[in-house]
Structure formats: C-alpha cells, structure tokens
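Below is one structure, written out as structure tokens; the observations come after it.
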Amino acid sequence: MQPRDLYTKVEDFLSDESFQRWVRFKENHTHWEEWTLESPERAKLVEEARLWIVSMNIDDTELSEQEVQISLQDTWQTIRSLQARKSIWQTYWFRVAAAIVIIGATTTAYFLWQRSPTHAVITYKDLVEKDTEGLIEQTNNSNKPQLITLADASSVLLQPKSKLSYPKEFSGNERKVYLSGEGFFEISKNPSKPFYVYANEVVTKVYGTSFRVIAYPTQPNVEVVVRTGKVKVMPNEEIQSGTQEGIMLLPNQAARFVRNNLSFEKILDITQDKPLIASTNTIEQLSFEFRDIPVQQIFTTIEQAYLVKIEYPKEKLKDCYMTTSLSDEPLPEKLKIICESLGSDTRYEMNGNQITIISTGCN
C-alpha cells in the first residue's frame with residue numbers, strides 16, 4: 001500500500017484498513033484528524049471517503065467486522081465495474097447507480113439501528129426527567145432572543161420557540177444544561193468542572209468558549225457551530241458508555257448530526273456552508289476586539305449583541321476609551337472587565353435584560 005500522503009483517490013482511502021477503523025471505531029483519532037486538517041483538498045477527499053464508509057456503518061451487534069469489510073469491498077467492486085464501461089463521475093447513469101448503492105446501504109444501516117434497543121431516540125423531556133439536581137426551565141415564547149445568566153456566570157442567548165433547563169447552582173464535578181431549540185452559549189472557564197450541553201441525541205462538551213447549538217425537535221439536523229475556543233461534539237450514547245471520543249471543533253467549524261441516518265458531518269469552514277451562514281445571529285457577526293474605542297461604543301456593541309439595555313452616566317464616561325479583548329467571555333465577565341478597566345469605583349448591576357453601570361468616571 002502506498003503512503004497516505006500520496007493518496008489521490010477515494011479508493012485509496014477505502015482500501016486503507018487504518019482509515020476504515022478510524023471512521024468506524026475512532027481508532028488513532030487524533031493522528032488522522034490532524035493529518036486531515038493539514039490541507040483543504042485532502043480534507044475534501046477524506047470527507048468523501050468517510051461518507052462512503054458511514055453509509056455502510058451497520059451496527060456491530062448485527063454484522064461482524066469481517067462482514068462489513070466484505071460488504072464494503074463488494075460495493076466498491078460494483079462501482080469499479082461501472083467505471084470500466086464509462087469514465088467515473090462523468091455519466092448520468094453512473095451517478096444514479098452509485099446513489100442507489102449508497103442509499104441501499106444507508107437504508108439497511110438505518111433499519112438495523114431501529115431494531116437495536118441501544119439506539120432509542122432520546123428527547124429533551126427524557127433527559128430532563130433523568131436529572132436529579134432540580135432544574136429551572138426557561139422557555140422563550142417571545143419573538144426575540146432572551147438572555148439567561150447561569151450560576152457560574154455563563155450566559156445563554158435563547159432563541160424564540162426554545163427552552164433551556166439548568167440547575168440553580170452547579171453541584172458535583174460537572175455543569176450540565178439541557179436545550180430544546182436554539183441557543184448561543186458563552187461559557188465561563190473552569191477546567192476542573194467541565195460544561196455539557198445536552199440537546200436530544202447530541203452532547204457538546206465545552207472548553208470555555210462561545211458556540212451555537214441548533215436542536216429543534218422537528219428539524220432534520222442538530223448543529224453545533226463554534227465561534228471561539230473549542231468544543232467536542234458526541235452522540236449521547238458515548239456519554240453513557242464513557243467513551244467520549246467525539247468530534248473536536250475549533251473556531252469557524254461546525255458539526256451537523258443528520259437524524260435520518262445517524263451520521264455526523266464535520267464542517268471545516270462554516271463560511272462555505274450556505275445554511276449555516278444564512279442562520280448566523282447578530283452576536284456572531286459582531287467583533288469584541290476593541291482598540292482605543294470609546295466605552296460608549298463598546299456598550300452599544302453589547303446592546304446590539306445581547307439585545308439588552310445599558311444605562312450609564314454618559315457625561316462621566318464620554319471621554320473614556322478602552323483597548324481590550326472580550327471575544328471569549330460570557331456577558332457578566334465582559335461587564336466585569338469593562339468596569340475594572342474604568343476604575344475601582346465602577347460596578348454594574350444586572351436585572352434580566354436591564355444593565356446599569358455605576359461609575360464616577362474613568363481613571
């Protein structure tokens with residue numbers, strides 16, 4: 001077998017046992033992941049090969065690894081026989097035939113998944129009922145985003161027709177919340193107490209960052225979009241089994257969980273994905289990098305991002321300028337940094353969507 005740096009075709013990857021085991025069993029995950037990200041062209045080829053294997057990813061309780069391998073080889077042999085007649089990817093009938101092979105394999109995998117008791121659909125209600133912490137449920141029935149501040153100073157911008165369940169105080173060694181719908185999260189950093197967002201079939205493990213989760217129960221996909229920092233996205237069943245391999249996402253990357261075939265798609269550049277770009281919220285479009293900017297303008301940016309109202313002594317702060325980075329901080333931390341920069345006699349009070357800055361002026 002030729003070195004993988006020389007792979008130029010999907011077939012090269014499909015014949016690589018190490019690649020197959022990475023896709024199917026997450027073996028050598030970091031090794032393959034880092035190598036894939038070295039080149040956009042390579043990432044595209046890897047994704048195409050991965051989809052071939054995912055389309056045939058039948059549960060191990062139903063078929064042995066050897067049987068899956070034989071099935072994969074038979075499928076590719078079918079494609080090659082068609083390729084021998086006419087140039088691959090250049091004829092209409094070849095594309096139809098290839099689609100039939102893939103859809104057939106995917107349908108078989110989905111049917112077996114439905115029969116397996118270990119893959120029961122997990123709903124928001126199921127998750128909330130299993131939690132023993134005593135949760136507060138916030139439902140946004142309005143027509144605009146609603147700001148929620150959690151006990152650890154993390155903030156969530158909850159979109160209309162969405163709901164979030166969370167504890168009054170985070171106990172134990174984890175922080176867990178439950179989402180149905182859409183929310184933009186900015187999580188307070190605490191490495192010793194990881195933060196988890198449960199959204200039906202998908203769990204997002206957070207490493208102090210800002211990201212968006214879209215998990216409406218009636219939509220075909222669950223999506224996680226990272227703005228800053230990094231997160232790990234994984235199926236709920238991996239949390240239960242303790243494996244937590246998942247997909248690591250960096251800024252401007254996303255993961256899409258497709259419900260009808262139970263597959264994950266990693267999006268390496270969200271600017272190339274039209275549905276994600278179209279759904280981008282105001283808070284994701286604004287920059288929180290400020291260099292010698294009037295503090296009044298910083299307050300205006302925060303108001304636009306979080307849909308809050310900030311009252312402050314305009315005359316006392318009119319000549320105050322600030323250079324700071326607030327990109328990877330939840331709203332309470334942003335306000336704290338601003339107040340500390342203005343001076344020790346400056347503080348803020350927050351009541352829902354109303355924020356009041358008390359200050360005698362900047363130093």
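Identify all lysines with a Cα-Cα distance to residue 44 below 27 Å; exclude those on the same chain that are fewer than 8 residues away in sequence. Straight-line reach from residue 44, under 27 Å: 9, 26, 86, 205, 230, 232, 266, 274.
In the context of the full protein assembly, residue 192 retains an accessible surface of approximately 90 Å², using a probe radius of 1.4 Å and ignoring ligands and nucleic acids. Stretched out straight at 0.36 nm per residue, the stretch from residue 12 to residue 260 would grow longer than its current Cα-Cα span by 86.5 nm.
Provide the FRET efficiency to the nearest 0.05 for the residue 252-residue 340 pair, computing r from the beta carbons and using R0 = 30 Å.
0.50
For 256, 347, the ranking by accessible surface with the largest value first comes to 347, 256, using a 1.4 Å probe. Once the 1.4 Å probe is applied to the protein heavy atoms, region 258-322 comes out at 56 Å² accessible per residue.
Solvent-accessible surface (1.4 Å probe) assigned to residue 52 amounts to roughly 20 Å². For region 213-317, averaging the sequence separation of C-alpha pairs within contact (under 8 Å, six or more residues apart) and dividing by the residue count gives a relative contact order of 18 percent.
Residues 321, 312, sorted by accessible area with the largest first, give 321, 312 [1.4 Å probe; ligands and nucleic acids excluded]. Here the accessible area of region 210-363 is 47 percent carbon and sulfur, with a 1.4 angstrom probe and all protein chains present.
Placing 171, 180 in order of accessible area, with the largest value first and a 1.4 Å probe, yields 171, 180. Full extension of the segment from residue 318 to residue 192, taken as 0.36 nm per residue of separation minus the current Cα-Cα distance, would add 41.3 nm.
Annotation: amide H-H contacts under 5 Å for residue 320 (H modelled 1.01 Å from N, sequence separation of 5 or more, or interchain): 295. Applying 1/(1 + (r/R0)^6) with r as the Cβ-Cβ distance of residue 296 and residue 143 and R0 = 25 angstrom yields a FRET efficiency of 0.30. Solvent-accessible area per residue in region 169-255 equals 34 Å², computed with a 1.4 angstrom probe and all protein chains kept. Residue separation of residue 33 and residue 280 scaled by 0.36 nm, minus their Cα-Cα distance, works out to 86.3 nm of gained length. Counting heavy atoms of the protein chains alone, residue 322 has an accessible area of about 10 Å² for a 1.4 Å probe.
The values are calculated or read from the model by the stated rules, or taken from the named source; none is laboratory data. The shown structure was predicted, so the numbers you read here are calculated from the model rather than taken from an experiment. Reconstructed Cβ throughout: ideal geometry from the backbone, glycine too, with neighbour counts over all protein chains shown. To get the accessible areas, we keep the full protein, side chains included, count just its heavy atoms, and leave off ligands, DNA and RNA. Shrake-Rupley method; radii C 1.70, N 1.55, O 1.52, S 1.80 Å.
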